[in-house]
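Presented below is the structure to which this report refers.
The values are calculated or read from the model by the stated rules, or taken from the named source; none is laboratory data. Computed from a prediction, not measured in an experiment: that's the story for all the values here. Every residue, glycine as well, gets a Cβ built from its backbone with ideal geometry; the counts of neighbours run over all protein chains shown. Side chains are part of the model used for accessible areas, which takes the heavy atoms of the whole protein and leaves out ligands, DNA and RNA. Shrake-Rupley method; radii C 1.70, N 1.55, O 1.52, S 1.80 Å.
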Amino acid sequence: MAHEQRRGIGRLLALLVVALVLFVGYQKWTAWQRDHAPATGRTPSASFSESPSSVPPPQLPPPSRPPGSAAVPKGGQVLLADQTALSASAHASLLKTIYDLVNQGHEAEAEARLAALPPEVLQDPQMRRYLAILWNNLGVMKWTARGAAAGVSAFKTGLSLDPGNRKATINLVHAYWELKDPALTREVLEKAIASVPDEPLPHLALADLLYDKDDLAGASLHLDLAAQRVAQDPDLRGFLEYVTAKVKRVEKAEQKFTARASSHFTVKFDGGEDYAVWDRVLDILEDAYRDIG
């Protein structure tokens, strides 16, 4: 009897594997069609703040994106540092030199001098904000020269000095998103949303993440929030449309699906309800989870 049950479970597993293979194949085929469709959106140049007391940093060209990807902003955003903030610092000359090195593109020397600053400079909150700007701009320079991964460390250093730095927050989110870095978690994005609530990018990135996790309701919510804020960054509109289309396509496909969940799995089925089959499939999956982890 037990042998017959194992054979029945084996046949059920085989059918489940075939169904999964067909489903994955269909998803890859639709993804191939989507990726070979004409891309939308524009690529903007870096944006700058106005400050008459500062020397404008160079405009940094955006890096390229792999073919078939939807257009999103590139390279990050640089900031101008207010030089009057240095007037009360005993290290004003050194900091101004580093600022000029960053603006002139001397990446290695600027980074070495930033890393070697005396500890007392970091005790002054105003200097920490100034240094966060320098690290952010250094990250943009590194990203432009060698891709998003090169700028991540500098953006993180800038945010460690000034967690409220808006541009560094957006630049780090954008770099993680560009890289599809697993460090871009829901917690990171929710923290970014709390820091820059009027920016569309964290909402859009979170919608994309939730889509990948099959949370279509959460993805739709954050797409709506991104749409309400996209006027702040119109160049994201193309990617907003792209992610919205993905979510709506799956929502439409799953309109007639029914679902049954266990502790670790959700089974979706297009057809009549068959609780016996559902229970058996979920039991098999949970057994596999306990055995494999």
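Side notes on the structure shown:
- For region 165-185, filtered to residues that are more than 23 Å from Glu241 (Cα to Cα) and among the hydrophobic types (A, V, I, L, M, F, W, C), the residue that is surrounded by the fewest Cβ atoms within 10 Å (Cβ to Cβ) is Ala183.
- Scope region 214-229; condition surrounded by 15 or more Cβ atoms within 10 Å (Cβ to Cβ), assigned to a helix (DSSP H, G or I) and at pLDDT below 90; matching residues: Leu216
- Screening region 177-213 for residues that are β-branched (Val, Ile, Thr) and outside any helix (DSSP H, G or I) and picking the one that is nearest to the chain's Cα centre (by Cα) gives Thr185.
- Val188 within 30 Å of Glu111 (Cα to Cα), of a type in the set (Val, Ile, Thr), open to solvent by less than 10 Å² (accessible area, probe 1.4 Å) and at pLDDT 90 or above: no
- Among the conditions (1) over 24 Å from Asp181 (Cα atoms); (2) modelled with pLDDT of 75 or more, Thr266 misses just one, which is (2).
- Filter pass, Arg249 being assigned to a helix (DSSP H, G or I), at pLDDT below 90, under 27 Å from Pro182 (Cβ atoms) and open to solvent by 20 Å² or more (accessible area, probe 1.4 Å): yes
- Any helices (runs of 4 or more DSSP H) falling wholly within region 89-176 and containing at least 3 residues that are of a type in the set (A, V, I, L, M), out of contact with any Ser or Thr (no Cβ under 6 Å at 6 or more places or on another chain) and at pLDDT below 90: 92-103
- Qualifying residue in region 128-141 (condition: open to solvent by 50 Å² or more (accessible area, probe 1.4 Å) and farther than 15 Å from Ser160 by Cα): no
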